[in-house]
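Undergrad: Quick one: the structure is below, questions incoming.
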Amino acid sequence: MHELRRAGLKAAQIMADHLEGVAERPVWQPVPGGELAWLTGQELPETGRALDELLEDAREHVLPYPMGNGHPRFFGWVNSPPNPAGVLVEPLAAALNPSCAGGDHAGPHLERAVVRWLAGLVGFPHPPGGGLLTSGASMATVICLATARQQAALAAGWDAREEGLSGRPPMVMYVTEEGHSCLHKAAQLLGLGARNVRTVPVDAAYRMDVRALRAMIAEDLDAGLRPFCVAGSAGTVNSGAVDPLDEIADVAAAYGLWFHVDGAYGALGVLADGAAPHYAGLERADSLALDPHKWLGVPVGCGCALLRDPSAARAAFSLVPSYLVDENGGDLGWFAEYGPEQTRPFRALKTWATLSHLGRSGVKRLVDHTTGMARTLGAMVEAAPDFELLAPVTTSITAFRHTPRADGLDELNRAIPVAVQARGNAFLTGTRLGGRDALRTCILHPDTTEQDLVVLLDEIRLAAKALL
Ligand SMILES: Cc1ncc(COP(=O)(O)O)c(C=O)c1O
């Protein structure tokens with residue numbers, strides 16, 4: 001224990017040095033060949049090594065090669081810097097090392113509180129037990145869609161868990177082409193079939209075309225299929241668009257469909273000044289995926305599935321073998337009855353610490369700051385003759401492209417992200433939006449400044465010049 005105490009203090013120093021120095025280092029750099037060989041090729045030591053040596057190795061070979069998302073000029077995908085409070089308590093969660101499958105210990109009890117906090121922050125109804133933490137939104141989506149699938153089967157008088165899906169009319173789900181790939185993966189995993197996931201068209205702002213949704217549902221019903229779920233987005237990954245949730249909720253209610261909302265990235269955007277009207281209808285969803293490891297900066301991985309009726313998730317997942325029967329489980333039972341995971345890590349501690357450290361006002365400040373920065377970037381792009389804004393800025397994502405010439409823009413914009421990344425001064429990623437190759441930034445860092453955005457646009461120009 002003496003060794004752990006000493007090494008623990010040293011680990012804290014290394015962690016602080018790392019976090020303090022992030023902004024001074026390249027945003028990202030490739031892992032050099034020698035280091036790659038060290039990382040991938042080492043042999044398992046025959047005899048155990050001292051804690052101190054392990055820390056030295058981590059300092060030398062691991063910490064210099066981050067993904068980049070701690071840096072204020074990291075704008076790639078949807079990856080936030082870690083909140084310091086979340087970082088701080090990670091070793092404590094590991095020291096306890098519980099399984100939060102359920103039971104009467106701190107982990108599951110704290111999870112009840114943070115799930116309630118998350119629902120409250122975005123104005124989602126929260127009955128007791130109305131959600132659980134997951135590895136991320138992909139797993140939250142599996143839980144929500146499996147719940148929807150079982151509810152649809154039960155409503156039609158059969159049991160999908162017992163019987164499987166064969167011999168039944170295909171269940172059809174509706175999502176726009178801007179819907180996240182995790183919705184498709186979940187549908188495929190659940191045996192619904194990729195061909196039964198309909199792509200609903202979008203409007204000019206990349207939001208679901210609800211008239212088209214109605215028409216598609218009617219057509220599928222006529223064909224004898226079973227529409228069962230519509231998945232809206234509260235913050236798409238490409239442009240941050242928020243679907244017209246209230247109108248989608250009307251359609252879901254009219255046709256008796258499960259209404260799922262993917263708010264993995266963007267649900268917290270409802271807190272930004274003036275944003276609430278865009279999110280009207282979120283509170284009418286049957287299920288909502290919301291990732292604390294995105295906008296909030298809870299260290300990876302932590303997602304959350306929120307459920308209007310938690311008993312529906314329990315009906316889809318509960319399977320308690322005799323060795324796990326818990327007489328003291330209480331009315332809500334164990335978290336493991338609401339999803340596929342049995343042994344579950346203590347995700348609640350880092351989420352509790354992050355939320356407590358920020359407070360409600362801190363979360364709002366973070367969301368306001370980052371959406372404000374995204375709007376500023378949108379305005380800079382619109383004002384520049386060599387850039388074009390491709391979508392309205394609703395959350396903290398800005399979709400645009402570089403237009404220094406008239407043709408070959410797809411090819412150019414496709415090449416820009418990697419070229420910018422290699423320069424090490426900023427990091428952004430690309431996508432396809434509306435049939436065009438686009439650049440996109442997702443701003444999640446509390447310290448990103450307007451000057452960082454100036455640097456980003458200059459970096460894009462310089463990288464493009466080298467490509468032309
Ligand atoms: C809008 C959206 N939905 C879902 C996901 C999947 O979340 P996770 O990676 O936590 O599984 C992401 C990930 O970036 C996302 O941006």
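Undergrad: Pairs please, first residue from the range 284-307 and free of Cβ contacts under 8 Å to residues at least 60 places away in the same chain and open to solvent by 10 Å² or more (accessible area, probe 1.4 Å), second anywhere and away from the ligand (no atom under 11 Å from the Cβ) and basic (Lys, Arg), Cβ atoms under 9 Å, 6+ apart in sequence or on different chains.
TA: Sorted first by the residue in the range 284-307, then by its partner, the pairs are ARG284/ARG308.
Yes or no, residue by residue, for (1) closer than 27 Å to ALA153 by Cα; (2) within 11 Å of the ligand (Cβ to nearest atom); (3) touching a Phe, Trp or Tyr at 6+ places or on another chain (Cβ under 8 Å):
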residue: PHE228; (1), (2), (3): yes, no, yes
residue: ALA231; (1), (2), (3): yes, yes, yes
residue: ALA249; (1), (2), (3): yes, no, yes
residue: LYS294; (1), (2), (3): no, yes, yes
residue: GLY297; (1), (2), (3): no, no, no
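Undergrad: Taking the range 15-48 on its own, how many of its residues are closer than 28 Å to GLY86 by Cβ and without any contact (Cβ under 8 Å) to a residue 40 or more places away in the chain?
TA: The total comes to 8.
Undergrad: Filter the range 421-438 for residues that are crowded, with 17+ Cβ neighbours inside 10 Å and within 24 Å of the chain's Cα centre (by Cα) and give the result.
TA: Listed by number, the residues that qualify are GLN421, ALA426, PHE427, LEU428, THR429, GLY430, THR431, LEU433, ASP437, ALA438.
Undergrad: Does any residue of the range 47-63 turn out to be within 23 Å of the chain's Cα centre (by Cα), farther than 30 Å from THR236 by Cβ, open to solvent by less than 40 Å² (accessible area, probe 1.4 Å) and of a type outside the set (D, E, K, R)?
TA: Looking for residues that are within 23 Å of the chain's Cα centre (by Cα), farther than 30 Å from THR236 by Cβ, open to solvent by less than 40 Å² (accessible area, probe 1.4 Å) and of a type outside the set (D, E, K, R), one finds none in the range 47-63, hence no.
Undergrad: Let me ask something else about it. Hey, ASP458 hits all of (1) open to solvent by 60 Å² or more (accessible area, probe 1.4 Å); (2) more than 22 Å from the chain's Cα centre (by Cα); (3) under 27 Å from ALA204 (Cβ atoms) but one; which does it fall short on?
TA: (3)
Undergrad: Moving to a separate point now. Among the residues of the range 271-283 satisfying the criterion of being within 17 Å of ARG116 (Cβ to Cβ) and open to solvent by 10 Å² or more (accessible area, probe 1.4 Å), which is farthest from the ligand (Cβ to nearest atom)?
TA: GLU283
Here is a yes/no grid of residues against (1) free of Cβ contacts under 8 Å to residues at least 60 places away in the same chain; (2) open to solvent by 10 Å² or more (accessible area, probe 1.4 Å); (3) among the aliphatic types (A, V, I, L, M); (4) over 24 Å from PRO169 (Cβ atoms):
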{"position": "MET216", "(1), (2), (3), (4)": "yes, yes, yes, no"}
{"position": "ASP222", "(1), (2), (3), (4)": "yes, yes, no, no"}
{"position": "ALA234", "(1), (2), (3), (4)": "yes, no, yes, yes"}
{"position": "VAL242", "(1), (2), (3), (4)": "no, no, yes, yes"}
{"position": "ASP246", "(1), (2), (3), (4)": "yes, yes, no, yes"}
{"position": "ALA253", "(1), (2), (3), (4)": "yes, yes, yes, no"}
{"position": "GLY269", "(1), (2), (3), (4)": "no, no, no, yes"}
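Undergrad: Answer with yes or no whether VAL298 is assigned to a helix (DSSP H, G or I) and at pLDDT 95 or above.
TA: Against the criterion (assigned to a helix (DSSP H, G or I) and at pLDDT 95 or above), VAL298 does not qualify.
Undergrad: A further question on this structure: Give the range 96-135 a look and list any residue that's of a type in the set (D, E, K, R) and either within 16 Å of the ligand (Cβ to nearest atom) or under 19 Å from THR354 (Cβ atoms) (or both), or say none.
TA: If the condition is that a residue be of a type in the set (D, E, K, R) and either within 16 Å of the ligand (Cβ to nearest atom) or under 19 Å from THR354 (Cβ atoms) (or both), then GLU111, ARG112, ARG116 are the ones that fit.
Undergrad: Only one of ARG401, ARG360, ARG405 is modelled with pLDDT of 95 or more, surrounded by fewer than 17 Cβ atoms within 10 Å (Cβ to Cβ), within 30 Å of ARG207 (Cβ to Cβ) and in contact with a helix residue (DSSP H, G or I) (Cβ under 8 Å, 6 or more places away or on another chain); which?
TA: ARG360
Undergrad: Could you check how many residues of the range 309-336 are in contact with a helix residue (DSSP H, G or I) (Cβ under 9 Å, 6 or more places away or on another chain), more than 24 Å from ARG284 (Cα to Cα) and not hydroxyl-bearing (Ser, Thr, Tyr)?
TA: Looking only at that region, the number is 7.
Undergrad: Okay, moving on. Mind checking whether some residue in the range 386-395 is within 27 Å of PRO66 (Cα to Cα) and modelled with pLDDT of 95 or more?
TA: yes
Undergrad: Now for a different question. Pick from the range 7-29 the residues that are open to solvent by 80 Å² or more (accessible area, probe 1.4 Å) and not acidic (Asp, Glu): which of them is farthest from PRO72 (Cα to Cα)?
TA: Filtering first and then ranking leaves LEU9.
Undergrad: Still on this model: Within the range 140-161, identify whether any single residue is assigned to a helix (DSSP H, G or I), free of Cβ contacts under 8 Å to residues at least 12 places away in the same chain and more than 13 Å from the ligand (Cβ to nearest atom), and answer yes or no.
TA: Checking the range 140-161: at least one residue is assigned to a helix (DSSP H, G or I), free of Cβ contacts under 8 Å to residues at least 12 places away in the same chain and more than 13 Å from the ligand (Cβ to nearest atom).
Undergrad: Taking the range 179-202 as the search range and keeping residues that are within 15 Å of ALA234 (Cα to Cα) and open to solvent by 60 Å² or more (accessible area, probe 1.4 Å), which one is nearest to the ligand (Cβ to nearest atom)?
TA: HIS180
Undergrad: Exactly one condition in (1) open to solvent by 80 Å² or more (accessible area, probe 1.4 Å); (2) of a type in the set (Lys, Arg); (3) under 30 Å from PRO128 (Cβ atoms) is false for ARG112; which is it?
TA: It fails just one condition, (1).
Undergrad: Would you say LEU4 is away from the ligand (no atom under 16 Å from the Cβ), more than 25 Å from VAL367 (Cα to Cα), touching a residue at least 24 places away in the same chain (Cβ under 8 Å) and open to solvent by 80 Å² or more (accessible area, probe 1.4 Å)?
TA: yes
Undergrad: Every residue in the range 377-416 that is among the charged types (D, E, K, R) and over 30 Å from ARG365 (Cα atoms), please.
TA: Within the range 377-416, ASP386, ARG405, ASP407, ASP410, GLU411, ARG414 meet the criteria.
The values are calculated or read from the model by the stated rules, or taken from the named source; none is laboratory data. All figures in this text were calculated on a predicted structure; none of them were measured in a lab. Neighbour counts run over all protein chains shown; Cβ positions are idealised from the backbone, glycine included. Ligands, DNA and RNA are stripped out before the accessible areas are found, and what is left, the full protein with its side chains, is counted by its heavy atoms. Shrake-Rupley method; radii C 1.70, N 1.55, O 1.52, S 1.80 Å.
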